[in-house]
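Asker: Next up is a structure, given as structure tokens.
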Amino acid sequence: MRGWHRPLTVNAMFMFALVLACAVGLFVDDRLLMGESVWLKPMKFGFAMGVYGLTLAWLLSKLRKGRRIGWWLGTIFAVAGLLDVGAVAYAAARGTFSHFNANTDPVARTVQTVFAFGIMPLLLTTLAIAILVLIQRAGDRVLTRALRAGLGLAVASMVVALWLSNPPGATPRTVTDANGHPVSMTGGHGIGDPDGNGMPLTHWSTTGGDLRVPHFIGMHGVQVLLLVTAVLGVLATRRSWLRDERVRARLVGVAGLGYTGVFTVLTWQAKRGQSVIHPDWQTLIAFAAVAVFILVTAAAVIIAARRRPAPPIGEGRRDGRRRQIG
């Protein structure tokens, strides 16, 4: 980790420290918001931001072009992420809502101000980093394809987050915070049931659409695709037809397209006010189409690769290095 982006690494350490503090809060603080501990939300935010921050810290160390620009982008992301998650933790400590809170008390106004200035930098810096990766190779062909697809999904998930922050046609309502005070709420993560919860741990809505589902899936697409890349790399030592870097890159591309299909269907499902655990026949057909696409396309890549003579062990890697040098 010595060569990783330091501000993002420090950001991740703060996030994981917050996770530990919130885990303690779950047991020693009995205050509840909408039936869940006040500390559950900042714990989830801290964990997600910490994992994503570490991924970006590692990624920026792989850049060959625009490293200085990448450093500044990563620093802006680290500061904005720290402010955003800090605002969530601050509201939790005061026993009130962070998102969709339309009250005018000092706590609500502070959180609103932080969100107003903090959310857009997260989107723009992620988009700019994705462009930096798009115009160069951040490793071999397989890794570069995984990073490009994963960062594209992250940008799309940030757009979903903007929908969450600025819900069109939101109906104001009044709820009670952990202190028994009324809170005016505008908008919500749910569609059809703005405050819907129900699922264990995630608390995704079981009674309506929930935009947190595609946001979470898209945000962590880069980690999933990096895992696929690592698994293919291990299998390449045992399967001769996987030694070709182009074959693994194509399979990662199939995984990226399939993952994007899942993200798209989940977003469409949520926007229609439908719970992720209660899909209708239209949603099931859409998921089936994505599954068929993945299976057919992956099978075509595998069949073509098995018919082609396999390169000797290490040859695909050496070819990749020669292409990068050239």
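Asker: Of the residues in the range 226-245, how many are closer than 20 Å to residue 62 by Cβ, of a type outside the set (Gly, Ala, Ser) and touching a residue at least 12 places away in the same chain (Cβ under 8 Å)?
Answerer: Residues meeting the conditions: 5.
Asker: Filter the range 98-108 for residues that are exposed (fewer than 12 other Cβ atoms within 10 Å of the Cβ) and not in a loop (DSSP other than H, G, I, E, B) and give the result.
Answerer: Listed by number, the list holds a single entry, 106.
Asker: Considering only residues that are in a helix (DSSP H, G or I), buried (at least 21 other Cβ atoms within 10 Å of the Cβ), touching a residue at least 40 places away in the same chain (Cβ under 8 Å) and among the aliphatic types (A, V, I, L, M), which ones fall in the range 35-61?
Answerer: Hits for the range 35-61 are 54, 56, 57, 59, 60.
Asker: Something else: Among the residues of the range 113-127, are any in contact with a Ser or Thr (Cβ under 7 Å, 6 or more places away or on another chain), assigned to a helix (DSSP H, G or I) and under 30 Å from residue 175 (Cβ atoms)?
Answerer: Among the residues of the range 113-127, at least one is in contact with a Ser or Thr (Cβ under 7 Å, 6 or more places away or on another chain), assigned to a helix (DSSP H, G or I) and under 30 Å from residue 175 (Cβ atoms), which makes the answer yes.
Asker: List the number of the failed condition for residue 8; all other conditions in (1) under 28 Å from residue 184 (Cβ atoms); (2) touching a Gly at 6+ places or on another chain (Cβ under 9 Å) hold.
Answerer: (1)
Asker: State whether one or more residues within the range 2-15 are at pLDDT below 90 and not in a helix (DSSP H, G or I).
Answerer: yes
Asker: Next question, about the same structure. Does residue 75 satisfy the condition of being out of contact with any His (no Cβ under 9 Å at 6 or more places or on another chain), closer than 30 Å to residue 137 by Cβ, surrounded by 15 or more Cβ atoms within 10 Å (Cβ to Cβ) and polar (S, T, N, Q)?
Answerer: No: the conditions fail for residue 75.
Asker: How many of the residues making up the range 295-314 are of a type in the set (Val, Ile, Thr) and at pLDDT 95 or above?
Answerer: 2
Asker: For residue 64, only one of the following conditions fails: (1) modelled with pLDDT under 95; (2) of a type outside the set (Gly, Ala, Ser); (3) part of a helix (DSSP H, G or I). What is its number?
Answerer: Failing condition for residue 64: (3).
Asker: Do we find a residue being surrounded by fewer than 18 Cβ atoms within 10 Å (Cβ to Cβ), more than 16 Å from residue 256 (Cβ to Cβ) and at pLDDT below 90 anywhere in the range 140-158?
Answerer: no
Asker: Do any residues in the range 92-104 that are farther than 11 Å from residue 182 by Cβ have Cβ atoms under 6 Å from those of residues that are part of a loop (DSSP other than H, G, I, E, B) and among the charged types (D, E, K, R), where the two are at least six apart or on different chains, and which pairs are they?
Answerer: Qualifying pairs under 6 Å: 95/31; 95/177.
The values are calculated or read from the model by the stated rules, or taken from the named source; none is laboratory data. Since we're looking at a predicted model, the values are computed, not measured. For neighbour counting, all protein chains shown are included, and Cβ atoms are generated from backbone atoms with ideal geometry for every residue, glycine included.
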